[in-house]
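The values are calculated or read from the model by the stated rules, or taken from the named source; none is laboratory data. Small disclaimer: the values here were computed from a predicted structure and weren't measured. Glycine gets a Cβ as well: all are built from the backbone with ideal geometry, and neighbour counts include every protein chain shown. Quick note on the areas: whole protein, heavy atoms, side chains included, nothing else; ligands and nucleic acids left out. Shrake-Rupley method; radii C 1.70, N 1.55, O 1.52, S 1.80 Å.
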Amino acid sequence: QVQLVESGGGLVQPGGSLRLSCAASGFTFRNYAMSWYRQAPGKERELVASITSTGDSTNYADSMKGRFTISRDNAKNTVYLQMNSLKPEDTAVYYCYARIFVRYWGQGTQVTVSS
């Protein structure tokens, strides 16, 4: 079955960096676009970034452009989210997402940006 397992979250100071990873299994990873979403307390889940199946095209929410980078390694069935210049408002649970006929979500990883 499809599994998406995120890792790499944690507590970081404002201005710091984190790299999230999402290990995928149960489907042909290289054939599907992947995305990262996030959900802050009391807010709706929002798209952070997406990447095509080959990795040749990416898309970002406006507030993440220039700070976040999505990438993938199809040999490792893994998608990454490099987050730089983190702000307190980036605090959220970050989810890996794939649509393979239906929507699949990982369990999420908590990112807390605080001094």
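Which far-off residues, 5 or more places away or on another chain, put their amide H under 5 Å from the one on L86, with H placed in the peptide plane?
G15, G16
So how strong a dipole does the chain carry about its Cα centre when Lys and Arg Cβ are +1 and Asp and Glu Cβ are -1, to the nearest 20 debye?
Here the size comes out at about 140 debye.
How large is ³J(HN,Hα), in whole Hz, for each residue of the stretch 30-43 in order, when computed from phi with the Karplus curve 6.51 cos²θ - 1.76 cosθ + 1.60 and θ = phi - 60°, using x for Gly and Pro?
Values per residue, Gly and Pro as x: 5, 8, 10, 5, 10, 9, 10, 10, 9, 9, 8, x, x, 10 Hz.
With the other protein chains left in place, how much accessible area per residue, in square angstrom, belongs to the stretch 22-115 at a 1.4 angstrom probe?
Here the per-residue accessible area is 53 Å².
Pop out the carbon and sulfur fraction of the accessible area of the chain as a percent, whole number, probe 1.4 Å.
The C+S portion of the solvent-accessible surface of the chain is 45 percent.
Which number comes out as Rg/Rh for the chain once both Rg and the Kirkwood Rh are worked out on C-alpha atoms?
Expressed as Rg/Rh, it is 0.95.
Each residue of the stretch 75-90 in turn: what ³J(HN,Hα) in whole Hz from Karplus with 6.51, -1.76, 1.60 and θ = phi - 60°, glycine and Pro shown as x?
6, 9, 6, 9, 10, 10, 9, 8, 10, 10, 6, 5, 10, x, 6, 7
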